[in-house]
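*Asks:* One structure, as structure tokens, below. Some questions next.
The values are calculated or read from the model by the stated rules, or taken from the named source; none is laboratory data. All values derive from a computational prediction rather than experimental measurement. So basically every Cβ, Gly included, is an ideal-geometry build from the backbone, and we count neighbours across all protein chains shown. These accessible areas exclude ligands, DNA and RNA; they are computed on the full protein's heavy atoms, side chains included. Shrake-Rupley method; radii C 1.70, N 1.55, O 1.52, S 1.80 Å.
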Amino acid sequence: LQKILILLHVTTCVVVGKTLMTLFPNAMKRYILKQGEKSRMNTNPKFSYENWGPTFFSFKYLLFVLKVKWKRLEDEAYEGCPAPNTPVVTSNGEVCHIFDFMQDNRPLILNFGSCT
């Protein structure tokens, strides 16, 4: 049932987004670029809007968002219950799982943050 609700929500968002991109291309470009500022995508001069902007609200975009959202359904954590063994990517680009870093009875500490 959750997957069906996610499918309906994401499909509706993609259809509305695609319609707005068709009817108001300049306004949607400004909106998407504004969203890109939050992730600093716009700071790379070799990564222009024309390269990635039109891919928003495409069929591939729909499939990607569905895949991510459906995968996240499995990653729920509840207080007092075991943590999910979520896939992670190391700084070397290797894909593994969180539990791969556990050693004997030592606690595993995850630190989420950034370095500047």
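*Asks:* Can you name the residue in the stretch 30-56 that is under 25 Å from Leu7 (Cα atoms) and over 14 Å from the mean Cα position of the chain (by Cα) and is also surrounded by the most Cβ atoms within 10 Å (Cβ to Cβ) among such residues?
*Replies:* Of everything passing the filter in the stretch 30-56, Ile32 is surrounded by the most Cβ atoms within 10 Å (Cβ to Cβ).
*Asks:* When residues of the stretch 16-32 are filtered for being in contact (Cβ under 8 Å) with a residue 12 or more places away in the chain and closer than 24 Å to Lys67 by Cα, how many remain?
*Replies:* 4
*Asks:* Where the second residue is among the β-branched types (Val, Ile, Thr) and part of a loop (DSSP other than H, G, I, E, B) and the first is at pLDDT below 80 and lies in the stretch 67-96, which pairs have Cβ atoms under 6 Å and are six or more apart or on separate chains?
*Replies:* Asp75/Thr86
*Asks:* For Gly53, only one of the following conditions fails: (1) touching a residue at least 40 places away in the same chain (Cβ under 8 Å); (2) of a type outside the set (D, E, K, R); (3) in contact with a Lys or Arg (Cβ under 7 Å, 6 or more places away or on another chain); (4) not in a loop (DSSP other than H, G, I, E, B). What is its number?
*Replies:* The number of the failed condition is (1).
*Asks:* Which members of the stretch 62-91 meet the condition of being within 22 Å of Leu1 (Cα to Cα), in contact with a helix residue (DSSP H, G or I) (Cβ under 8 Å, 6 or more places away or on another chain) and open to solvent by 60 Å² or more (accessible area, probe 1.4 Å)?
*Replies:* Lys69, Trp70
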